[in-house]
Amino acid sequence: MVNSPAEWTTLLDKYYVPDGIGSAFIVQAGRGVYVMNTRENVYQEQTFRLPSLPKPVRGVEATRKDGVVALTWPARAGDVAYRVYKRVPPQLRFALAADDIGGQEWTDTAPDAQSAVAYAVTALTNEEEPFEGGGQLRRLPGAERGGKPDR
């Protein structure tokens, strides 16, 4: 029988392998990594560090000219292929616009001429980098009265 928090910790540590480092709750499920700050630590800084995630594509540039939008981005040694996602407001989610791109450029031949367009580029890559962060959670006004905000 388990009688103390220390005994529970010892028992559970045999089975729990953390997905990251820090005081925030970190879990990896499938291809997603979730970092959650716990309500119990509302006044403490909750940090996290994930040792290796796929390195994001940085330095994407877009040029609109002659009715098309041309995207370019720098090459990296570990990248195998790229995907381009597109979002036109009022859409809230990005939609896949192009898959299995072999180079560092892509042209949108049918951009919406009347509104801004957002693009995102992801890579199938061997490049990795750590991801870390943290901060103190802010208590909502009125939380001391049962969690209901002031009106």
Just one of (1) more than 21 Å from G67 (Cα to Cα); (2) modelled with pLDDT of 80 or more; (3) in a strand (DSSP E or B) trips up G134, so point out which. (2)
I'd like the residue in segment 27-51 that is within 23 Å of A81 (Cα to Cα) and under 13 Å from the mean Cα position of the chain (by Cα) and, out of all such residues, is modelled with the lowest pLDDT. R31
So Y34 passes all but one of these: (1) exposed (fewer than 13 other Cβ atoms within 10 Å of the Cβ); (2) hydroxyl-bearing (S, T, Y); (3) in contact with a Leu (Cβ under 8 Å, 6 or more places away or on another chain). Which condition number does it fail? (3)
A careful count of residues in segment 102-130 that are assigned to a loop (DSSP other than H, G, I, E, B) and under 20 Å from the mean Cα position of the chain (by Cα) gives 2
In segment 84-101, is there at least one residue being surrounded by fewer than 12 Cβ atoms within 10 Å (Cβ to Cβ), modelled with pLDDT of 95 or more and not in a strand (DSSP E or B)? no
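The values are calculated or read from the model by the stated rules, or taken from the named source; none is laboratory data. Quantities reported herein were computed from a predicted structural model and do not represent experimental measurements. No Cβ is skipped: glycine too gets one built from the backbone with ideal geometry, and neighbour counts run over all protein chains shown.
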